[in-house]
Amino acid sequence: MTQAQLIRSVTQTLIDHVDELTALDQAIGDGDHGLNMRRGALAIQAKLDELAGQSLNDALRTMGMTCMSTIGGSSGPVFGTLMVTLAKELPAAPTAPDLARGIEASIAALTRLGKAEVGQKTLLDVLAPVQHVLASGGENMVARVRQCANDSAQATAAMDAIKGRASFLGDRALGHVDPGSRSMALIIGAVCDSL
């Protein structure tokens, strides 16, 4: 699969799940997460010809900057920072240990950005477990990463919301999956399916 096909697959996955992401955010946020993620995905798809000719690092940087300029709310800076940090950290042909180090650096950058930590019902609760799977090595890495991302996103339903709009709901946020975590799991799943 080419880089452009991978990018199209990931962005199309977000577009295809706009209603699910919107419903998740309507339950504990302001209801615009799905629409914002679709807006960013469409903006990235509009640059597919440009991205196809770029190195992985330049493509990640371009997509990160596109997210920052097109996705509303906190998701733009969050997903943009994630990609820009990966662009800085990853080699041209990353291995699982490289990805683990890149995600670790991204978690640190996102923690600085949002003052959030693992365990506070955010996409960090998907990134950190996935990072551990990548760092651990072993067989069936792709399947294990996909499963970890999905399970970790689902596990946010049992977490107290400490950051973001959901934190104002207190116990009423319990039982609801964090929309950003679900988006992260969808992205990781689409990447895994493309490998």
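If you go through region 1-44 and keep only what is under 13 Å from R182 (Cα atoms), hydroxyl-bearing (S, T, Y) and without any contact (Cβ under 8 Å) to a residue 40 or more places away in the chain, you end up with just T22. Residues of region 146-187 that are surrounded by fewer than 19 Cβ atoms within 10 Å (Cβ to Cβ), modelled with pLDDT of 65 or more and either under 12 Å from the mean Cα position of the chain (by Cα) or part of a helix (DSSP H, G or I) (or both): Q147, N150, D151, Q154, A155, A157, A158. Being without any contact (Cβ under 8 Å) to a residue 24 or more places away in the chain, under 26 Å from V18 (Cα atoms), surrounded by 15 or more Cβ atoms within 10 Å (Cβ to Cβ) and touching a helix residue (DSSP H, G or I) at 6+ places or on another chain (Cβ under 8 Å) is a property that K47 has. Consider G102 against the criteria (1) small (G, A, S); (2) within 22 Å of A190 (Cβ to Cβ); (3) surrounded by fewer than 20 Cβ atoms within 10 Å (Cβ to Cβ): it satisfies all of them except one. Which criterion is unmet? So the condition that G102 fails would be (3). Apart from one condition, A116 fits all of (1) of a type outside the set (K, R); (2) under 25 Å from V145 (Cα atoms); (3) in contact (Cβ under 8 Å) with a residue 60 or more places away in the chain; (4) not in a helix (DSSP H, G or I); the exception is (3). If the condition is being surrounded by fewer than 15 Cβ atoms within 10 Å (Cβ to Cβ) and farther than 18 Å from M83 by Cβ, then region 6-22 contributes D16, D19.
The values are calculated or read from the model by the stated rules, or taken from the named source; none is laboratory data. Model, not experiment: these values are computed from the prediction. Backbone-built Cβ (ideal geometry, glycine too); neighbour counts: all protein chains shown.
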